[in-house]
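Written below as structure tokens is the structure these notes are about.
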Amino acid sequence: MKNRYEASPGEQIKGKWTGHVWRVEREIGRGANGIVYLVRGSAGRAALKFADSASVASETNALTALERVRGASPGPFFIEADDLEKEGAVYPFFLMEFIDGPMLHTFIKGKKEEWTIILLIWLLTFLESLHRLGHVMGDLKPENFIVVSQKAIRAVDVGGMTKFGRSIKEYTVLYDRAAWQAGTRRAEPAYDLFGAAVLTVSLLHNQAVQRALGHIDDLKSIVQSSPALQLIEPVLFNAFAGKYESASAMKRDLLLCFAKTKTRTRTGRQKRKTFWAGKWFVLAGALAAILMLFLLH
């Protein structure tokens, strides 16, 4: 990437136009289009991203658009954009709210597998807000999301955010439906919902999903072999097939899926009265109740 500036902890970044000074604490992320640092200034902590001029303009516009969502922004709030001038070179950067918390793949560690389904609900809630603005997230890798509470996920990198109808401008191959030969890279809700379904599977079986890349039948086999994912198998398969036009429709189907699972399990329990049937009955009922709360929220 052109104009990629490598900052060091303790270094002071002074804006050419605002004169504001930000002290670098540490690097918190990097990708193809820039490097992000945790910095501190007179206004407190912030996330500072160095990128090329076009990326700075695109991402600041995306952040501004996210702030139109009623209530809290699903992404970081935009603070300001500026340039760093050093040794005759100019390095564009912008500042945004620093969102603290674990990334999806970090949050799920040590938790029961069924938590991936709850994360999917939270992710779909995020996507609902974004899709109402007429944009898709595009790049749905786990590193781009932070869990901020027991009900919410927020994005920390919106570089792939794309308006409906355009070509996806940034993606990670593992969550890209075109790489799975399951559709195009046209920006539409179904693109994000496919990625959300793959992300859910990869949180539990990342290596297997990577080996299956490009072969949708192999991806389905991973779902069918996972006790936790079997609970929502029809929903995941519909997302793989591009059958959902909205995140809310996918959320509704998750609840219906649990309701059917509960009924089937009750029937099996009456016939067999085994330990495992009872266990899955309780689990399905509990998760159905949790999902109902989220859908009514």
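Laboratory data are not the source of any read-out in this text; all were calculated from the coordinates shown. Everything quoted here is computed from the prediction, not taken from an experiment. Don't worry about glycine lacking a Cβ; one is built from the backbone with ideal geometry, like all the others, and counts go over all protein chains shown.
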Ordered by fewest other Cβ atoms within 10 Å, a rough proxy for footprinting exposure, Leu213, Leu127, Leu229 read Leu213, Leu229, Leu127
For region 12-96, take the convex hull of the Cα atoms, compute a quarter of its surface area, and give me that in nm², please. 5.8 nm²
Stretch gain in nm, segment Val148-Ser225, where the contour uses 0.36 nm per residue and the Cα spacing is subtracted: 24.6 nm
Please list, ordered by chain and number, the residues whose modelled amide H lies under 5 Å from the amide H of Ile13; skip anything fewer than 5 residues away on the same chain. Trp22, Arg23, Val24
Loop only by DSSP, 16 or fewer other Cβ within 10 Å of the Cβ. Give me the chymotrypsin sites (Phe, Trp or Tyr not before Pro) in region 1-93 that pass, ordered by residue number. Trp17, Phe77
Site Val90, offset 7 angstrom along Cα→Cβ, radius 14 Å on amide nitrogen, limited to region 5-45, gives 15-18
Computed label-point distance, nm, for sites Ala208 and Glu67 using a 7 Å Cα→Cβ extension: 4.4 nm
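Taking 8 Å as the Cα distance limit and 6 or more residues as the minimum spacing, I'd like the relative contact order of region 104-257 as a percentage.
Value for region 104-257: 24 percent.
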Among Ser73, Ser225, Ser42, rank each residue by its count of other Cβ atoms within 10 Å, from fewest to most, as a rough exposure measure. Ser42, Ser225, Ser73
Enumerate by residue number the trypsin sites (Lys or Arg not before Pro) in region 163-214 meeting two conditions: DSSP loop (anything except H, G, I, E, B), and at most 15 other Cβ atoms within 10 Å of the site's Cβ. Arg166
Karplus ³J(HN,Hα) for region 28-44 (6.51 cos²θ - 1.76 cosθ + 1.60, θ = phi - 60°; Hz, whole; x = Gly/Pro) runs 10, x, 8, x, 5, 10, x, 10, 10, 10, 7, 10, 9, x, 4, 8, x
Largest first and to the nearest Å, give the Cα extent of region 104-257 along each principal axis. 37, 35, 28
Taking Lys251, Lys109 and counting other beta carbon atoms within 10 angstrom, the fewest-first order is Lys109, Lys251
PRE reach from Glu233 (point 7 Å along Cα→Cβ): which of region 173-212 fall under 16 Å by backbone N? 201
If each residue of separation counts as 0.36 nm, what is the full-extension length gain between Glu25 and Lys111 once their alpha-carbon separation is subtracted? 27.9 nm
